[in-house]
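Colleague: Starting off with a structure, shown below.
The values are calculated or read from the model by the stated rules, or taken from the named source; none is laboratory data. What you see is a predicted model, and the numbers here were worked out from it, not measured in a lab. Every residue, glycine among them, receives a Cβ derived from its backbone with ideal geometry; neighbour counts consider all protein chains shown.
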Amino acid sequence: MTAMAATPPRFDMGRVIQRTFGTVGRNWVTFALLALPFSVIPQALLQIQIAGIRTGASTSMLGFGGLLSLIALVGGFILEAGLTYGSVLDLNGRRPSFGECLSVGLRNILPLIGLGILMGLAVAAGFILFIVPGVLMALAWSVAVPSLVVERTGVFGAFSRSADLTRNHRGAIFILSVAFWILSLVIGIVVGAVFAFTGPEVNVAVLGVVRGAETLIGAAGIASIYYELRSIKEGVGPEALAAVFD
């Protein structure tokens, strides 16, 4: 009997989800402290600003809203970098500290801003061109931030590295992204309904926490996807990933 050819490892969405929530669960205090200044507070302030704009915006209010959006965007990249570092260390059996995660996030802030600007412009242009190109680019570059942080590829190298890693697995990443979007939408509707009759301060605070939690889980999920891709395509384990931080 001839030996059957070994089947290549497949992208396991269940494993990615389990790893994401396992990492967050084991490090929720550190991750929550990191999310507070870079996601929860900016998102809460942004919700307050949006509520003010709806009731009658002035030019200064619109400008402040734009500034808050920029802060939330930059903070999201800092958070994702820090969570990528924390997730990799966790997968290697090491508990990341708040200071370590923050240091990695701040150290990568300039290339992350450059990456975010270029990616945002390209994806936005793709959406203008009948939406599909934007979706394809977003999927291809979905692990650009972990590639930049972990492998220190540089901004342009992160795009090509992410495209290589996600090739042949973008369908699974798309399904995970849609599932996460639907879950976020449902949670937002439920929370909005539950707190609809509370004071505006409570409502805004809760929405800020929800948005911060979504950002946190999303960033940890991207790190988990990155780890899954490197594991199945290159056979790289957590020790090799964590070694770049030593």
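Colleague: Of the conditions (1) free of Cβ contacts under 8 Å to residues at least 12 places away in the same chain; (2) touching a helix residue (DSSP H, G or I) at 6+ places or on another chain (Cβ under 7 Å); (3) in a helix (DSSP H, G or I), Leu148 satisfies every one except a single condition; which number is it?
Modeller: Exception for Leu148: condition (1).
Colleague: In addition: Just a yes or no: is a residue in segment 202-214 at pLDDT 75 or above, at negative phi and surrounded by fewer than 17 Cβ atoms within 10 Å (Cβ to Cβ)?
Modeller: Within segment 202-214 (the criterion being at pLDDT 75 or above, at negative phi and surrounded by fewer than 17 Cβ atoms within 10 Å (Cβ to Cβ)), the answer is no, since none of the residues qualifies.
Colleague: If you don't mind, another one. Would you mind telling me which numbered condition in (1) modelled with pLDDT under 70; (2) under 25 Å from Gly105 (Cβ atoms) Phe38 fails?
Modeller: Here Phe38 meets the rest and fails (1).
Colleague: Then there's this: Going by the structure shown, is Thr153 farther than 21 Å from Ile78 by Cα and among the hydroxyl-bearing types (Ser, Thr, Tyr)?
Modeller: For Thr153, the condition - farther than 21 Å from Ile78 by Cα and among the hydroxyl-bearing types (Ser, Thr, Tyr) - is not met.
Colleague: What number goes with the only condition from (1) under 19 Å from Phe31 (Cα atoms); (2) buried (at least 19 other Cβ atoms within 10 Å of the Cβ) that Ser142 does not pass?
Modeller: Of everything listed in (1) under 19 Å from Phe31 (Cα atoms); (2) buried (at least 19 other Cβ atoms within 10 Å of the Cβ), Ser142 misses just condition (1).
Colleague: Let me ask something else about it. Among the residues of segment 50-89, what is the count of those that are over 13 Å from Thr30 (Cα atoms), among the aliphatic types (A, V, I, L, M) and at pLDDT 65 or above?
Modeller: 11
Colleague: Determine which single condition Gly116 fails, assuming it passes every other condition in (1) within 16 Å of Phe159 (Cβ to Cβ); (2) part of a loop (DSSP other than H, G, I, E, B).
Modeller: All conditions are met except number (2).
Colleague: Would you be able to say whether some residue in segment 90-102 is under 17 Å from the mean Cα position of the chain (by Cα), modelled with pLDDT of 90 or more and of a type in the set (A, V, I, L, M)?
Modeller: yes
Colleague: Does Ala219 satisfy the criteria of being surrounded by fewer than 21 Cβ atoms within 10 Å (Cβ to Cβ), in a helix (DSSP H, G or I) and at pLDDT below 90? Show your work before the answer.
Modeller: Numbers: surrounded by fewer than 21 Cβ atoms within 10 Å (Cβ to Cβ): no; in a helix (DSSP H, G or I): yes; at pLDDT below 90: yes.
So Ala219 fails the test.
Colleague: Would you be able to say whether some residue in segment 86-98 is of a type in the set (Ser, Thr, Tyr) and surrounded by fewer than 22 Cβ atoms within 10 Å (Cβ to Cβ)? If you could, list the steps in order and put the result at the bottom.
Modeller: Here is the first cut: in segment 86-98, the ones of a type in the set (Ser, Thr, Tyr) are 87, 97.
Retained after the next criterion (residues that are surrounded by fewer than 22 Cβ atoms within 10 Å (Cβ to Cβ)): 97.
Yes; the residues of segment 86-98 include at least one that is of a type in the set (Ser, Thr, Tyr) and surrounded by fewer than 22 Cβ atoms within 10 Å (Cβ to Cβ).
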